[in-house]
Amino acid sequence: MVFEVYSPKPGILLVRYFGKEFEARIYQCWKKNKDVDAELQDLGLAPDLPVALIPSKLIESDVQLIQGVAHYYMNKNLLTRIRHKGLLLATLVTGFKQLKDLLENLRVSYSQSERYFIVAATGGFPRPPNCSDYEIHETDFAKDITNIVKNVAVVLDLL
């Protein structure tokens, strides 16, 4: 198979694409700070890390998480306009086309959510102490067609 995505255990998402295997980590976290910038600073996220903080309010289904990680791996070498890898990953997960809209929605949704996701398109990102491994649920792609189309449109616009 050319493309395959699966979760062998909670917190781990594996993507196989043209014979290569990529590992992602997904954690569900509880806020420690009222401000998203302070939370990001506590997490130690750097622009060169493909790690995104996504407020739970912005995630309608696990399809968004899966699709965002898969698109990141499939297109990361083509999507070089966005130099901040965490923001690129957040764009692919949430489906916001404009960085301004993405940042505004991340800030507002963070303030309205008690929890958030950390999506790390790298196997080496350790789980923070205020987080737990997230278990990907069975997904019904037919019910999530709106998110699928929205997120594919973002990838096509970025290419």
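The values are calculated or read from the model by the stated rules, or taken from the named source; none is laboratory data. What you see is a predicted model; the values in this text were computed from it and never measured. Heavy atoms of the whole protein, side chains included, go into the accessibility calculation; ligands, DNA and RNA do not. Shrake-Rupley method; radii C 1.70, N 1.55, O 1.52, S 1.80 Å.
The figures follow:
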item: Under Karplus coefficients 6.51, -1.76 and 1.60, residue-wise ³J(HN,Hα) of the stretch 117-122 in Hz, glycine/proline x; result: 9, 10, 10, 10, 7, 7
item: Heavy-atom accessible area order for 122, 80, 91, largest first, 1.4 Å probe; result: 80, 122, 91
item: ³J(HN,Hα), Karplus 6.51/-1.76/1.60, whole Hz, each residue of the stretch 49-55, x for Gly, Pro; result: 8, x, 10, 10, 9, 10, x
item: Note, ³J(HN,Hα) from phi for the stretch 67-73, Karplus 6.51, -1.76, 1.60, rounded to Hz, x at Gly and Pro; result: 5, x, 5, 4, 5, 4, 5
item: Length added when fully stretched, residue 112-residue 9, from 0.36 nm per residue minus Cα-Cα; result: 34.1 nm
item: Solvent-accessible ranking of 113, 7, largest area first, probe 1.4 Å; result: 7, 113
